[in-house]
1. Return the single residue from P115, P166, P30 with maximal mean-square fluctuation; model: Gaussian network over the chain, springs between Cα atoms under 10 Å.
2. Summing Lys, Arg as +1 and Asp, Glu as -1, what charge do residues with Cβ under 11 Å from the Cβ of L33 carry, L33 excluded?
3. Run the helix sum for the chain: -39,500 (n - 2.57) per DSSP H stretch of 4+ residues, divided by residue count, reported at 222 nm to the nearest 500 deg cm²/dmol.
4. Would you please put 170-179, 36-45 in order of how densely packed they are, using the mean number of other Cβ atoms within 10 angstrom per residue and starting with the highest?
5. Over the chain, give the accessible area per residue in Å² for a 1.4 Å probe, as an integer.
6. Cα axis of helix 46-59 to longest principal axis of the chain: angle in degrees, 0 to 90, nearest 10?
7. Pop out the carbon and sulfur fraction of the accessible area of region 95-178 as a percent, whole number, probe 1.4 Å.
Amino acid sequence: CGELVQETCGALASLTGQLTLPLSHDMVSPEDLFQRAEVSEVSGDLASAEHFYRAAMAVDRADAAIPYNLGNVLDAQGRRPEAILAYYEALQRDPDFAEAWFNLGVIDEEEGRVPNAIQHYQAAVSKQPNFADALYNLALLLTEQEVYDAAGPLWERFIRLSPHGPDTARARRCVTLCRMAQSAL
């Protein structure tokens, strides 16, 4: 009876298409695909990097770093709409992924969508309060928009995080500007 069950299951499996693909012990893991993608990206082979990130995304539907890195590759290729979708995919997988929020802010800022950029930078800072680049970009946009009461404390936080960085002198000048503008009101 056991042989009949095996024969029947085998016949049904081949009719439905199951068990017809050869299984290999050499299957590539999502980690291997991710590593290959990173190597390709670093070497400047963005097409291969994209291929490997997409393959890794198909296998691993939880890791937010995969679509995030794919977004970076797509953006580097000048494919902004696809990069934006990849960053949103990363955020769908991990809503607290500050770097994805930040990259969306950068894209919005570069494309002149300042209110959206401010929202994305605020999200990045709320997810990662010590994210110096997000603090800097947010404070700068708020200063440019003359929202000095919000910009001043952000500049001060940035200075505390990066007291000797290359942008600290500018941040100190902006703190002074924000204070002067607020006292003039």
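The values are calculated or read from the model by the stated rules, or taken from the named source; none is laboratory data. Keep in mind it's a predicted model, so treat the numbers as computed, not measured. Every residue, glycine as well, gets a Cβ built from its backbone with ideal geometry; the counts of neighbours run over all protein chains shown. To get the accessible areas, we keep the full protein, side chains included, count just its heavy atoms, and leave off ligands, DNA and RNA. Shrake-Rupley method; radii C 1.70, N 1.55, O 1.52, S 1.80 Å.
1. Result for the chain, Cα springs under 10 Å: P166 fluctuates most.
2. -3
3. Taking each H run of at least 4 residues, the total per residue is -24000 deg cm²/dmol.
4. Order by mean packing, descending: 170-179, 36-45.
5. On a per-residue basis, 60 Å².
6. Once rounded, one gets 60 degrees.
7. The computed percentage sits at 50.
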